[in-house]
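To start, the structure itself, in structure tokens.
The values are calculated or read from the model by the stated rules, or taken from the named source; none is laboratory data. What you see is a predicted model; the values in this text were computed from it and never measured. A quick note on method: Cβ atoms are made from the backbone with ideal geometry, for glycine too, and the neighbour counts reach across all protein chains shown. These area figures cover heavy atoms from the full protein model, side chains too; ligands, DNA and RNA do not enter into them. Shrake-Rupley method; radii C 1.70, N 1.55, O 1.52, S 1.80 Å.
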Amino acid sequence: MGDAVLEISNLAKNFGALRATDGVTLDLRPGEIHALIGPNGAGKSTLIHQICGTLRQDSGSIRFAGQDISGLGVAQRARLGLGRTFQVSSLASDFSALRNVMLAVQARQGSSFRFFKPVMRDKGLIDTAMTILERVGLAARARLPAAELSHGERRQLEIAMALALQSKAFLLDEPMAGMGPEGSKSLTRFLDTLRHEAPILLVEHDMDAVFALADRISVLVYGRIIATGTVEEIRRDPAVRTAYLGDHA
Ligand SMILES: Nc1ncnc2c1ncn2[C@@H]1O[C@H](COP(=O)(O)OP(=O)(O)O)[C@@H](O)[C@H]1O
Ligand SMILES: [Mg+2]
């Protein structure tokens, strides 16, 4: 367990009387895709928000890249390399895809001196951002405002920004949601390569994608992890079949 990139211990969050996450313990290891599945309202998004810091936990702790980040804010966690995408997009929608990625590259470089240089003429910055857009398959859409991209393309753009930030772990909350079968397949292929960059905690309802990608799966039900295991272990688990998989298995 010592070499896990991300270690979550006993994390809990209440909304009033509701226990959204209730003592969640899981880890993310180098090179792996760890899928988090479970019914609607199980607490998956709440957990992702707690990890990236947009929601503060009531109790429990989070270690990332060898340090306790439980008390750090969102920006500090992002700077340490926690790359996340949200169910609701956080892109600057009037800016082009290219500009969004350039902003992420600049954020990583932490360079205020660039304010003296018109960014859209900064060749080095443009090249870096274009290379990243090529990797996620969006180079041809680089000059379009983010608002004009399809849902799937916006997700690809968010991943491009996480790449630009040189993330040490990716937290993806339902990246396939709203995508057609072709989009899901191409994103599945992409995520399979992305894991070599950094491990991925993947919240996803698309079970074809989960079964194709996951090294391990954790199943969250009413804020609690009821099982963690390989794809085969999870498919065979009677409690998981009852609580979630049903005829997916
Ligand atoms: N900000 C909030 N305030 C109050 N209740 C919330 C809030 N966010 C989520 N919840 C509730 O917490 C539970 C878990 O939600 P969520 O984490 O979004 O589940 P999932 O992502 O697994 O569908 C749900 O019952 C939801 O209604
Ligand atoms: Mg959710």
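Could you give the Stokes-Einstein D for the chain in µm² per second, using the C-alpha Kirkwood radius, 25 °C, 0.890 mPa s? Please list the in-between numbers first.
Numbers: Rh = 18.7 Å.
Estimated diffusion coefficient is 132 µm²/s.
Roughly how many whole Å is it from the C-alpha centroid of region 11-55 to that of region 188-215?
First find each Cα centre; the distance between them is then 17 Å.
Can you list the aspartates and glutamates whose alpha carbon is less than 19 Å from that of K13, not counting same-chain residues fewer than 8 positions off?
D22, D27, D58, D68, D173
Assigning unit charges at the beta carbon (Lys, Arg +1; Asp, Glu -1) and nothing else, what dipole magnitude in debye, to the nearest 20, does the chain show about its Cα centre?
With only Lys, Arg, Asp and Glu charged at Cβ, the dipole is about 800 debye.
Over the chain, with a Gaussian network built from C-alpha contacts below 10 Å, which listed residue (G16, G41, G178) shows the highest mean-square fluctuation?
Among G16, G41, G178, the largest GNM mean-square fluctuation belongs to G16.
Please find the FRET efficiency linking Y222 to E148, where r is the Cβ-Cβ separation and R0 is fixed at 51 Å, and quote it to the nearest 0.05.
0.80
State the percentage of accessible surface on the chain attributable to carbon and sulfur atoms; use a 1.4 Å probe and exclude ligands, DNA and RNA.
51
How large is the accessible surface per residue of the chain, computed with a 1.4 Å probe and reported in Å² as a whole number?
Result: 46 Å² per residue.
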